[in-house]
1. Which residue pairs have Cβ atoms closer than 9 Å, lie 6 or more positions apart in sequence or on different chains, and pair a first residue in the stretch 53-82 that is among the acidic types (Asp, Glu) with a second residue that is surrounded by 13 or more Cβ atoms within 10 Å (Cβ to Cβ) and modelled with pLDDT under 95?
2. Looking at the stretch 133-161 only, could you name the residues that are more than 20 Å from Thr115 (Cα to Cα) and not in a strand (DSSP E or B)?
3. Working carefully through the options Val122, Val111, find the one that is β-branched (Val, Ile, Thr) and either away from the ligand (no atom under 16 Å from the Cβ) or in a helix (DSSP H, G or I) (or both).
4. Does the stretch 127-139 contain at least one residue that is within 16 Å of the ligand (Cβ to nearest atom), surrounded by fewer than 22 Cβ atoms within 10 Å (Cβ to Cβ) and touching a residue at least 40 places away in the same chain (Cβ under 8 Å)?
5. I'd like the full set of residues that are in contact with a helix residue (DSSP H, G or I) (Cβ under 9 Å, 6 or more places away or on another chain) and crowded, with 17+ Cβ neighbours inside 10 Å, limited to the stretch 315-330.
6. So, restricting to helices (runs of 4 or more DSSP H) that lie completely within the stretch 13-100, which ones have at least 1 residues that are of a type outside the set (A, V, I, L, M), closer than 23 Å to Val122 by Cβ and within 16 Å of the ligand (Cβ to nearest atom)?
Amino acid sequence: MADNTAIEWADRTWNPVLGCVKVSPGCDGCYAITQAHIRASNPHPRVASAFNGLTQRTPEGLDWTGRVNLIRERLGEPFTWRKPQTVFVNSLSDLFHPAIPESFIADVFQVMAATPRHTYQVLTKRHGRMRGLLRKWSPITGAPPWVHTGPWPLPNVWLGVSVEDQERAELRIPALLETPAAVRWISAEPLLGPVDLRNLKARNGALIDCLGGDVKTPGGEVYSGAPSVLDWVVTGGESGKGARPPHPDWFRRLRDQCQELGTAFFLKQWGSWRPQPRYATDDRHHVVMVDGHDRGTPWPGWRLDQPDAVVMERVSKKSAGRELDGRTWDELPGAREVVVQHG
Ligand code: SF4
């Protein structure tokens, strides 16, 4: 079953794999768990069996069981969509989850290669496996595990990693930059802390400007024109029960860095919190963020006149909207140069 989707930057989702396991703080409010749990009780037996066994109740609430269901019959769905579609792949799983066999991931890529009219957006938190497989499959170092005579990396596949804070940015983005891809992107959603994309600390201590391509070594030398940079930055706040509020400056910093280097920037949503310009006293619905830290509701001696103090108001996702500084940000990437390999 493919779904039309409410995701602002895609026409539809395609879920040939279902089920996952939480890996980092960005997973704490994983909406896919609830979706999977509800659909396991769907009156249609085919839908219910696709979601069978994926979720469980725990003392902390609903969670994945760790099981992953491969839905082979869904692999053919993109062939049935006549009009070009922008497709978010695996919105209810992670394509590079360790339990998914390499041969199945290869099948997904083969379908994407065979349907170039569609644009596919793949997003993962398993950056290491993505890098390993895509490098292994590259015609330069090996070959895709299918007969492939078109361009590589696939020009219609955008590869991305989730980045909820600086720690995860420094863990996942360097792997993404080393992954063969026509378009590289990050989803900084839910954004849980400030992220500096122009000074990303690599494991060897070098600073990477992943928008401009420069690398500054620990010794201070600067190398320009790194072979890959990010093409698209999507960000947004968390929504739903237990949603953690973002500081508006976290979004502004990403936007400003993207604008400086001409990188496409997309603000998907505020989520369940929006900035409240006026002082508010309802301590059930407001928190105070200062310098990016949640300082509780109002704490002794708090002052809204501190330079970066913001009162965030809990509201519905719809009324929070998507505007930042008076407008929406809906930029999309253009594909960068693609190395054409004919094998
Ligand atoms: S990786 Fe995605 S689908 Fe998997 S648990 Fe985390 S948020 Fe949910």
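1. Glu77/Met1; Glu77/Ala2
2. Let us first name the residues in the stretch 133-161 that are more than 20 Å from Thr115 (Cα to Cα), namely 133, 135-136, 140-142, 161.
Selection gives Leu133, Arg135, Lys136, Ile140, Thr141, Gly142.
3. Working: Val122 fails: either away from the ligand (no atom under 16 Å from the Cβ) or in a helix (DSSP H, G or I) (or both).
Result of the check over Val122, Val111: Val111.
4. Kept after step one, since they are within 16 Å of the ligand (Cβ to nearest atom), are these residues of the stretch 127-139: 127-130.
Those still in the list that are surrounded by fewer than 22 Cβ atoms within 10 Å (Cβ to Cβ) too: 128-129.
Those left that are additionally touching a residue at least 40 places away in the same chain (Cβ under 8 Å): 128.
Taking every residue of the stretch 127-139 in turn, at least one turns out to be within 16 Å of the ligand (Cβ to nearest atom), surrounded by fewer than 22 Cβ atoms within 10 Å (Cβ to Cβ) and touching a residue at least 40 places away in the same chain (Cβ under 8 Å).
5. Quick first cut of the stretch 315-330, residues in contact with a helix residue (DSSP H, G or I) (Cβ under 9 Å, 6 or more places away or on another chain) only: 324-325, 329.
If the condition is that a residue be in contact with a helix residue (DSSP H, G or I) (Cβ under 9 Å, 6 or more places away or on another chain) and crowded, with 17+ Cβ neighbours inside 10 Å, then Leu324, Trp329 are the ones that fit.
6. 31-39
The values are calculated or read from the model by the stated rules, or taken from the named source; none is laboratory data. These numbers come from a predicted model, not from an experiment. Reconstructed Cβ throughout: ideal geometry from the backbone, glycine too, with neighbour counts over all protein chains shown.
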